[in-house]
Amino acid sequence: LVHFELVHEGRPGDAEAELQRFSEVTRMFSDRLNRMVGHMGRRLVEGARRHALIDALTGAHNRGYFNERLPRELERAQAGSRPLCMALLDIDDFHEVNLRFGWPSGDKVLQTFVGVVEAHIRRVDWLARYGGEEFAIVLPDTDADAAREVLERVRRAVQATEFHALDGRTVPVTISIGGAVLQAGVADMVGFTDLASNACLLAKSLGKNRVWMSEDPPSAART
């Protein structure tokens, strides 16, 4: 407005210089505004993407994250001939927890459970909610022995934790864990997940509250 007033005051020489400066300043602010809007837009998009990959109830990664990241882990392990393990965790008799204590208390158990698991896995490991009361842990650059050690630590931690219903009652919680080691014959995430799934089912059939690795012989029942 000041620049336009200069024009109307009959100072054409000064007005021309001021208008040139006005144009430069306007361009500078326009560039800054474009960068600011672009930065805000990227933050919004990244935030929305992160939100889309997080389970709303537990705060763990969700199934979409699992489906997106596991193939990359497989590709990296296969390309570099590096070890890779994954495990499926199933909360034992969780349906009974819901029936006995109520679904909101079941939700609270799931939230506490995720906190316990995340506190006892390593920084390189990651957790995702596979579905319902089933969760997956992926352990990069990890062989069977190291994976078993981590998974047993998780199992013991869950068993030792006091879970509570909304009314304060203690909720007994244990988990069955099936671990799988990446093998030469495994071509994709479906086959890899199936190995862990079968191991988890075997752990449950052997009495629950245990870790079973896909390579374990049938006679080696572990408590």
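The values are calculated or read from the model by the stated rules, or taken from the named source; none is laboratory data. Just so we're clear, the structure is a prediction, and the values are computed from it rather than from any experiment. Counting neighbours? That spans all protein chains shown, and the Cβs are built from the backbone with ideal geometry, glycine included. The area values use the complete protein model at the heavy-atom level, side chains included, leaving out ligands, DNA and RNA. Shrake-Rupley method; radii C 1.70, N 1.55, O 1.52, S 1.80 Å.
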Residues within region 1-36 that are open to solvent by 100 Å² or more (accessible area, probe 1.4 Å), acidic (D, E) and at pLDDT 75 or above, tallied:
0
Out of everything in region 121-155 that is in contact with a Leu (Cβ under 8 Å, 6 or more places away or on another chain) and among the small types (G, A, S), what residue ends up being nearest to F66 (Cα to Cα)?
A136
Exclusive hit being open to solvent by less than 10 Å² (accessible area, probe 1.4 Å), in contact (Cβ under 8 Å) with a residue 60 or more places away in the chain and over 14 Å from A180 (Cβ atoms), set F101, F135:
F135
Filter result for D194 (farther than 14 Å from I91 by Cα, open to solvent by 40 Å² or more (accessible area, probe 1.4 Å), at pLDDT 95 or above and touching a Lys or Arg at 6+ places or on another chain (Cβ under 9 Å))
no
Is it the case that A79 is modelled with pLDDT under 95, within 26 Å of L195 (Cα to Cα), open to solvent by 20 Å² or more (accessible area, probe 1.4 Å) and in a helix (DSSP H, G or I)?
yes
Sole residue being modelled with pLDDT under 95 and touching a Leu at 6+ places or on another chain (Cβ under 9 Å), chosen from V186, V211, V158, V114:
V186
Restricting attention to region 147-172, which residues are free of Cβ contacts under 8 Å to residues at least 40 places away in the same chain and open to solvent by 30 Å² or more (accessible area, probe 1.4 Å)?
E149, R153, R156, A160, E162, G168, T170, P172
Mind checking which residues of region 186-216 are without any contact (Cβ under 8 Å) to a residue 40 or more places away in the chain and not hydrophobic (A, V, I, L, M, F, W, C)?
G191, D194, N198, S205, G207, S214, D216
Residue by residue through region 120-177, note down the ones that are touching a Lys or Arg at 6+ places or on another chain (Cβ under 9 Å), of a type in the set (S, T, Y) and outside any strand (DSSP E or B).
T142, T174
